[in-house]
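For reference, the structure is listed below as structure tokens.
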Amino acid sequence: MISSLGFLGLNFLLSFFEVSIGKENFYEVLDKTKNYSFSIGNYIDDSNNLSVEQFKVNKKEDIFLTLRIYADKQYDYDQNIYLFEGNVKALINGGSLESELLRYEKSTGILSATGNVIYIKGGQYIRAKEFKFNLLKEEGIIEDAYGILDIKNVLEDFKIDSNSKQLAVNNRSINRLNNKGKNTYDDGIEFSFGNIQLPKNKITRSNKSVGSINDWRFKSDLITIKDNTWKANRINFTNDPYDPSQISFEGIDVVIEEDETGELIITSSKTNLILEGRNKTFLGKRIFGKRKRKSKYKLMYDGKDRDGLLLIRRSDDTNINKNIKVNFEPQFLLSRAILGKTNSYQKNKSYYNKDINISDLFGLNIKVNANYKDWSFDSKNDLSTLNTARISSGYRHSSTLTKYYKMPIIDYSSFNIFTTYRSRAWNGTIGETEIKSAYGGFIEKTSSFKSGEVRNNLNLRLGSAKYEAEKLGHNEVITLWRTSAFASLDSEYEIWKSNKENLDQNKKMLLTPVPINPELVLKTNINSGFFKYEDGSDQTFLKFGIGPEIRLGELERNFLDYTKLSIMPGVKIKSGSSPFKFDNAIDLRTLNISFMQQIYGPFVVDIVSNINIDNNSENYGEYYDTKLGLLWHKRAYEIGIYYHPDNEAGGLYFRINGFDFDNSEL
């Protein structure tokens with residue numbers, strides 16, 4: 001079996017020397033436009049002495065390719081040494097090898113290409129000072145190598161019989177040769193720490209942290225090829241399309257191979273993370289490639305339920321059958337162990353002291369996912385203690401059974417049945433409250449559409465559920481059925497935007513992975529709801545908000561070159577009142593403010609908050625749902641820290657941006 005990786009896809013390039021029909025021993029200078037075509041198969045021994053036609057008959061199962069070689073000069077020395085010299089270009093099945101000199105010695109089986117060696121196939125690009133390979137031993141070297149690996153397609157591109165969609169005239173590798181390509185923000189990886197849901201990138205208007213990066217640039221002084229594996233003492237990988245790279249990974253003792261599942265795996269026994277070409281951070285052993293491997297352990301902070309820091313041990317999903325997956329995440333509560341006590345559980349009749357025992361130091365998170373035909377089931381079960389005396393105060397649960405189907409008028413919608421136990425809820429300036437338990441069902445419809453120049457997001461929900469929750473104005477817990485109908489419409493209208501034609505999509509942006517368009521947008525928000533309760537009370541409200549969002553600057557200069565400001569006043573008209581604390585319509589006049597500002601270089605502040613501006617409210621002037629963020633924002637990566645003062649929650653994240661390389665530089 002011919003390896004797809006061991007020969008770097010070049011083993012098939014040489015077998016034509018063994019099966020080609022003999023020609024004159026010496027060729028004079030040849031016309032560049034003339035080309036030589038060979039039909040070739042797998043390597044065969046000299047003693048077979050077969051012609052191409054005979055070889056095809058006897059080896060029908062083998063793969064045959066058509067090879068064309070262009071060169072200024074070609075030499076044949078006693079049908080043992082074949083030499084191509086001057087502007088050498090070999091084309092085979094959509095791949096191309098270029099060099100100044102291409103030499104093959106039949107007696108030793110050694111092929112060598114020297115002088116500005118370039119190999120291109122599909123999404124793969126490799127450039128080197130010298131390439132040498134022994135066909136008989138299937139081993140060789142690549143000296144002074146630079147390249148781009150398209151992880152998703154690398155094995156397909158290097159297959160000997162690959163004549164895929166990525167032919168030379170159509171693939172993006174031609175753009176690399178002609179220097180005409182574009183580098184676009186495509187994917188990424190995110191690492192996070194904390195107990196909040198981190199926001200998407202508001203500057204790029206997206207969150208492309210899909211868990212992998214497909215395109216990597218690499219450099220190495222020497223790569224050895226043997227036994228279907230590449231090895232190097234040191235390789236530098238970077239996701240950044242430009243030099244100097246803003247972030248790179250220095251791999252020591254690197255092995256590149258195809259695993260048993262057919263995926264490319266790049267293993268580095270020691271890895272250094274290098275920021276801005278100078279700051280090194282040791283990361284230990286790392287694996288790059290299509291398959292994402294998470295660290296087994298993760299730190300988190302939970303001051304409400306777990307007294308602070310905890311260590312989580314991640315685990316792979318357990319498949320009960322093809323339809324059901326279960327995931328267990330054991331936890332060790334570090335802060336609780338250090339403190340020797342707990343402040344997380346409220347006073348109750350049976351257990352009030354803050355003392356702990358060994359079972360209070362452990363927690364557990366259990367997730368269940370099941371699918372059957374058009375139905376899906378998701379369940380989350382969170383235990384902040386394994387102490388049986390505290391289980392009722394340390395357990396949180398939510399489950400949803402969902403089915404998507406087509407309904408009259410509103411088209412595709414979802415039918416949901418849910419249950420919850422001890423779920424947190426936030427309600428404006430009232431703050432945090434808890435829903436002790438609830439179960440019920442609802443039908444929901446979400447839709448995004450354009451109406452002329454207006455972009456819209458619509459949400460409709462109709463349902464009924466039984467809630468056990470805190471009573472409005474009291475600590476008493478009450479239980480009532482609630483029937484509800486809710487609708488919201490968020491719209492955006494672009495008033496002004498800078499001229500897109502003036503933006504250079506391939507500009508070396510230092511502080512952002514995408515070009516930024518200054519713009520002015522008008523935003524509107526309409527919310528309406530009707531709630532009917534079992535005790536006869538009801539509540540109706542209509543909220544309308546409107547305001548501008550302006551984005552100025554392009555984040556190209558170091559000082560105050562990016563500002564994003566959104567101001568949206570809101571007015572709520574209300575009739576009736578809820579008996580519950582968690583859903584009572586309050587804050588009848590509000591002001592939502594969202595502000596981002598570059599301070600200097602990559603430092604950007606991000607502030608979001610709401611203010612009660614109702615003169616008649618006892619909470620007049622209070623801020624709520626506030627989020628504070630500080631970002632270090634670069635082209636190839638970003639670091640951010642967020643804090644929510646209302647619930648004393650926070651988070652830290654590190655994102656690495658992935659690019660689709662059409663053109664890149666050394």
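FYI, it's all coordinate maths here, none of it is from the lab. On a predicted model such as this, the values are computed, not experimentally measured, just so you know. Don't worry about glycine lacking a Cβ; one is built from the backbone with ideal geometry, like all the others, and counts go over all protein chains shown.
Computed from phi, the 3J(HN,Hα) profile of region 441-447 under the Karplus parametrisation 6.51, -1.76, 1.60 (θ = phi - 60°) reads x, 7, 10, 10, 10, 10, 7 Hz, with x in place of Gly and Pro.
List the trypsin sites (Lys or Arg not before Pro) within region 587-666 that fall in a DSSP loop (any state other than H, G, I, E or B) and whose Cβ has at most 14 other Cβ atoms within 10 Å. List each step's numbers first, then the result.
Values: sites: 589, 627, 634, 635, 655; in loops: 634, 635.
Sites meeting the loop and neighbour criteria: none at all.
For residue 617, the amide hydrogen comes within under 5 Å of no other amide hydrogen, counting only partners 5 or more places away or on other chains and with H modelled in the peptide plane.
Considering only the other residues whose Cβ falls under 9 Å of the Cβ of residue 186, what net charge follows from Lys and Arg at +1 and Asp and Glu at -1? Overall, the nearby charge balance is -2.
Extension gain for residue 343-residue 546 works out to 68.8 nm (0.36 nm per residue, less the C-alpha to C-alpha distance).
Legend: ranking of residues 628, 264 from fewest to most surrounding C-beta atoms inside 10 Å; resulting order 628, 264. Computed over region 297-661, relative contact order equals 9 percent, with contacts defined as Cα pairs under 8 Å that lie 6+ residues apart. Cα centroids of region 562-581 and region 96-113: 73 Å apart.
Averaging the Cα positions of each part gives two centres, and for region 361-405 and region 238-275 these lie 37 Å apart. Sequence-ordered 3J(HN,Hα) estimates for region 224-236 from the Karplus curve with 6.51, -1.76 and 1.60 and θ = phi - 60° stand at 9, 10, 7, 6, 6, 9, 9, 9, 8, 5, 8, 9, 9 Hz, glycine and proline given as x.
For region 327-406, the Kirkwood hydrodynamic radius comes to 14.5 Å, computed from all pairs of different C-alpha atoms. Please state the shape class of region 182-252: rounded when a/c is under 1.5, otherwise prolate if a/b exceeds b/c and oblate if not, all from the C-alpha gyration tensor. Because a/c hits 1.5 or more and a/b exceeds b/c, region 182-252 counts as prolate. Close amide-amide hydrogen proximity is noted between residue 206 and 201, each under 5 Å apart and 5 or more residues distant or on a separate chain (H modeled in the peptide plane; Pro and chain starts excluded).
So what is the relative contact order of region 564-666, in percent, for Cα pairs below 8 Å that sit 6 or more residues apart? Contact order relative to length: 17 percent. According to the Kirkwood relation over distinct C-alpha pairs, the hydrodynamic radius of region 297-661 is 24.1 Å.
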